[in-house]
1. Quick one: ARG24 ticks every box in (1) buried (at least 16 other Cβ atoms within 10 Å of the Cβ); (2) in contact with a strand residue (DSSP E or B) (Cβ under 8 Å, 6 or more places away or on another chain) bar one, so which box is it?
2. Please determine, by comparing only the residues of region 65-100 that are touching an Asp or Glu at 6+ places or on another chain (Cβ under 7 Å) and over 18 Å from ARG12 (Cα atoms), which one is surrounded by the most Cβ atoms within 10 Å (Cβ to Cβ).
3. Considering each residue of region 55-64, count those that are surrounded by 14 or more Cβ atoms within 10 Å (Cβ to Cβ) and assigned to a helix (DSSP H, G or I), and give that number.
4. Inside region 62-82, can you point out the residues that are within 22 Å of MET44 (Cβ to Cβ) and either touching a residue at least 60 places away in the same chain (Cβ under 8 Å) or in contact with a Lys or Arg (Cβ under 9 Å, 6 or more places away or on another chain) (or both)?
5. Restricting to region 35-54, name every residue that is in contact with a helix residue (DSSP H, G or I) (Cβ under 7 Å, 6 or more places away or on another chain), within 16 Å of VAL65 (Cβ to Cβ) and among the hydrophobic types (A, V, I, L, M, F, W, C).
6. Any idea which of (1) in contact with a Phe, Trp or Tyr (Cβ under 8 Å, 6 or more places away or on another chain); (2) under 13 Å from VAL52 (Cα atoms) is the one GLU35 doesn't satisfy?
7. For the structure I just gave you, tell me whether LEU9 is without any contact (Cβ under 8 Å) to a residue 24 or more places away in the chain and either over 16 Å from ILE64 (Cβ atoms) or assigned to a helix (DSSP H, G or I) (or both).
Amino acid sequence: MLKNRKNHLQARARVLKAMAHPTRLFIIEELEKTERCVCDLTAMIGADVSTVSKHLSVLKQAGIVFDDKRGNQVFYRLRVPCILNFFGCVESVLETQLRSQAALLDVSGE
């Protein structure tokens, strides 16, 4: 594999890996609606501030979110809202899997 191609694929993998946690997916979905402060996300998730901050740090390092410090609070927003298009594709995969599994059950149940 060419070095440039490999580097590009590794960069993609880092973004996907950053999203590969239910809490981080929740955060991304919430940030789609509006920016949120850490305190809001902490209350919504039901985890402590350090845990939520770690998740946000992973998303920030991957370039998915950015922060804006205002006084004692830090607000987060999606850096690239098109990341949500990826979720539509994931939903299509899940629906296809579900239909395939249902078809298998229909065939085996006849």
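1. (2)
2. Here the residue is TYR76.
3. Going through region 55-64 one residue at a time, the tally reaches 5.
4. Residues satisfying the conditions are ALA62, ILE64, VAL65, PHE66, ASP67, ASP68, PHE75, TYR76, ARG77, ARG79.
5. Across region 35-54, the qualifying residues are VAL38, LEU41, MET44, ILE45, VAL52.
6. (2)
7. yes
To keep it simple, each residue is scored yes or no on (1) farther than 15 Å from LEU84 by Cβ; (2) at pLDDT 95 or above; (3) among the basic types (Lys, Arg).
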{"position": "ARG5", "(1), (2), (3)": "yes, no, yes"}
{"position": "HIS8", "(1), (2), (3)": "yes, no, no"}
{"position": "VAL15", "(1), (2), (3)": "no, no, no"}
{"position": "GLU32", "(1), (2), (3)": "no, no, no"}
{"position": "GLY46", "(1), (2), (3)": "yes, yes, no"}
{"position": "SER53", "(1), (2), (3)": "yes, yes, no"}
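The values are calculated or read from the model by the stated rules, or taken from the named source; none is laboratory data. Treat the numbers as computed from the prediction; the structure is a model and nothing was measured. For neighbour counting, all protein chains shown are included, and Cβ atoms are generated from backbone atoms with ideal geometry for every residue, glycine included.
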